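K.L.:
Have a look at this one before I ask anything.
The values are calculated or read from the model by the stated rules, or taken from the named source; none is laboratory data. The model shown is predicted, which means the values in this text are computed figures rather than measured ones. So basically every Cβ, Gly included, is an ideal-geometry build from the backbone, and we count neighbours across all protein chains shown. The accessibility values were calculated without ligands, DNA or RNA, using every heavy atom of the protein model including side chains. Shrake-Rupley method; radii C 1.70, N 1.55, O 1.52, S 1.80 Å.
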Amino acid sequence: MAPVNRPYYGYIMSEFDNVDVWIGKAETTDRIQELLAEIDDFHEVEDKPISEFAVTQNVIFYDHDFVGCETVSELVAPADVLGSAFSDSFRDRVRLAAKENGIENANAILFVWGQAISEPLDIDVRGCIMHYVGTLDFRDGWNR
């Protein structure tokens with residue numbers, strides 16, 4: 001029997017089987033939070049991007065509820081940035097994506113579920129360089 005795609009607030013749940021992933025380095029862990037933070041008056045100005053991250057991706061809006069990040073203070077192997085909530089099989093996919101993209105160490109990983117960014121791009125802004133490594137299978141991404 002084929003899986004059922006149930007709507008969830010306008011999204012089809014199968015959209016969350018995959019996640020777009022960026023791996024890289026941030027000057028500080030706070031810098032990643034700044035990158036993702038909503039710009040203060042973005043609701044009040046038409047066509048103003050929701051965040052600095054949106055600017056780097058050439059979009060105005062994305063649903064920030066489906067964006068996540070993991071950070072550590074020191075540079076480590078990319079899979080080691082992931083917290084204990086992530087499954088070993090997802091760590092393996094991150095490890096392989098990092099290796100395929102020549103990334104040996106990192107202190108930050110960004111995730112975007114639900115295909116919120118139509119054409120993901122690398123990020124190179126003050127204090128933050130993140131490489132888009134692709135869309136990874138996330139069906140078993142969480143430890144249960």
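K.L.:
Given points 7 Å out from each Cα along the Cα-Cβ axis, report the residue 16 to residue 85 separation in nanometres with one decimal.
P.N.:
Reported label-point gap for residue 16 and residue 85 is 1.2 nm.
K.L.:
For percent of Cα pairs over 19 Å apart, the choices are [x] 77; [y] 52; [z] 64; which was calculated from the structure?
P.N.:
[y]
K.L.:
Got a number for carbon plus sulfur as a percent of the chain's accessible area, 1.4 Å probe?
P.N.:
Answer for the chain: carbon and sulfur cover 48 percent of the accessible area.
K.L.:
Below 12 angstrom from the Cβ of residue 95, what's the summed charge of the other residues (Lys, Arg +1; Asp, Glu -1)?
P.N.:
Result for the neighbourhood of residue 95: -2.
K.L.:
Need one number: the % of Cα-Cα pairs in the stretch 59-109 sitting beyond the 14 Å mark.
P.N.:
Cα-Cα pairs of the stretch 59-109 separated by over 14 Å account for 56 percent.
K.L.:
Taking a probe of 1.4 Å, how large is the accessible area per residue of the chain, in Å²? Write out the running numbers ahead of the final one.
P.N.:
Values: 8500 Å² over 144 residues.
Per-residue accessible area for the chain comes out at 59 Å².
K.L.:
Restricting attention to the stretch 15-121, which GluC sites (Glu not before Pro) occupy a DSSP loop and are surrounded by at most 16 other Cβ atoms within 10 Å?
P.N.:
Here the sparse-neighbourhood loop sites are 27, 44, 46, 104.
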